[in-house]
Amino acid sequence: MSLNRRSLLIAGSSVGLATLIYGCSDSSAEAEVTANVVNDAEPEASGDVALYDGSAIEPINGDAINNPPLADRPMGGVDASVTVVEYISPTCPHCAAFHAGALPQLEEEYIETGKIRFIQRPFRRNVLDLAVFMVAEASGEQYNEVIAAYFDTQTVWAASENPRQAIFEVAEQFGFTQERFEEVLTDQEMLAAIEATREQALNDFGLQGTPTFYINGDRFEGTPDYAGLSAEIENRL
């Protein structure tokens, strides 16, 4: 399988999950879009800094960039003044490279210290992305850990002769049974929310590829590495 940064970017958006996963006929009805849902869990604390615990959050303000159809699950500081949104695709090699190289440095300097709010927002380019996002979202507070696991093993499951099984094998590490996995892959409301988040990025924010970053609502036009992002973050702090 050959996947590049721009492949399948504008592929059909309103498609039934069965069509994507199993190649069945198109769904004739659109599912309802899931609204942002707040989890009542208390945030974690690191010293005097309150950190997000992986729960879905309310929008931090009324700006469109902070109001995706699928609720965000940030990392970092609850009271951070700087919000970094990264649109990700689990099959994107550039995303995987960023998460292996730059993200650990951002975590140490800005996320774990609560200086920024960092959001990994889904952008589905293809069917494999969709399956991974559905597993991650269904994992609840483990969302960011699940995303990390799929990036770490991207070259395995994305290139597998049976990628659906390979995706399940990663999900198993987070407690998914085969029954739960099948249930998640038929969740039409979750599918609709992921698809609506994709359409918002394309139509409202002009997203053209992954990874794409927005810092306090402004698209980041610099080099998407630690040096480039940290310089812009420092300008916003």
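The values are calculated or read from the model by the stated rules, or taken from the named source; none is laboratory data. None of the values given here were measured: they were computed from a predicted structure. Cβ atoms come from the backbone with ideal geometry, glycine included; neighbour counts cover every protein chain shown. Just the protein is used for accessible areas: all its heavy atoms, side chains included, with ligands, DNA and RNA removed. Shrake-Rupley method; radii C 1.70, N 1.55, O 1.52, S 1.80 Å.
Numbers below:
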quantity	calculated
Whether the stretch 52-101 is rounded, prolate or oblate, judged on the alpha carbon gyration tensor where a/c under 1.5 counts as rounded	prolate
Global size of the stretch 112-179 as Cα Rg and Dmax, reported in angstrom	12.6, 42
Rounded accessible area per residue of the stretch 137-228, 1.4 Å, Å²	46 Å²
Amide hydrogen neighbours beyond the local backbone of ILE88, cut-off 5 Å, H modeled	ARG121, PHE123
Dipole of the stretch 92-237, positive direction: furthest Cα of ILE215, PHE181, ALA166, with charges on the beta-carbon	ILE215
Positive minus negative residues near ALA136 (Lys, Arg vs Asp, Glu; Cβ under 10 Å)	-1
About the Cα centre, charge dipole magnitude for the stretch 86-161 (Lys/Arg +1, Asp/Glu -1 at Cβ), debye	320 debye
Pairwise centroid distance, computed over Cα atoms, of the stretch 45-113 with the stretch 126-189, Å	20 Å
Net charge dipole size for the stretch 149-198 [Lys, Arg +1 and Asp, Glu -1 on Cβ; Debye, nearest 20]	160 debye
Anisotropy class of the stretch 91-144 from Cα gyration tensor, a/c 1.5 cut	oblate
The stretch 228-233 - phi-based ³J(HN,Hα) in whole Hz, Karplus 6.51/-1.76/1.60, Gly and Pro as x	x, 5, 5, 4, 5, 4
Net charge of neighbours whose Cβ lies under 9 Å from the Cβ of PHE123, counting Lys and Arg as +1 and Asp and Glu as -1	+3
Under 5 Å, built H, 5+ apart or other chain: amide partners of ILE57	ASP72
Computed lengthening from PHE174 to ALA231, 0.36 nm per intervening residue step minus Cα-Cα distance	17.0 nm
Nearest-20 debye value, the stretch 46-201 charge dipole, Cβ charges on Lys, Arg, Asp, Glu	440 debye
Total formal charge among the other residues, if their Cβ is under 11 angstrom from that of SER81, Lys/Arg +1 and Asp/Glu -1	+2
25 °C / 0.890 mPa s Stokes-Einstein diffusion coefficient of the stretch 44-143, Kirkwood radius on C-alpha pairs, µm²/s	173 µm²/s
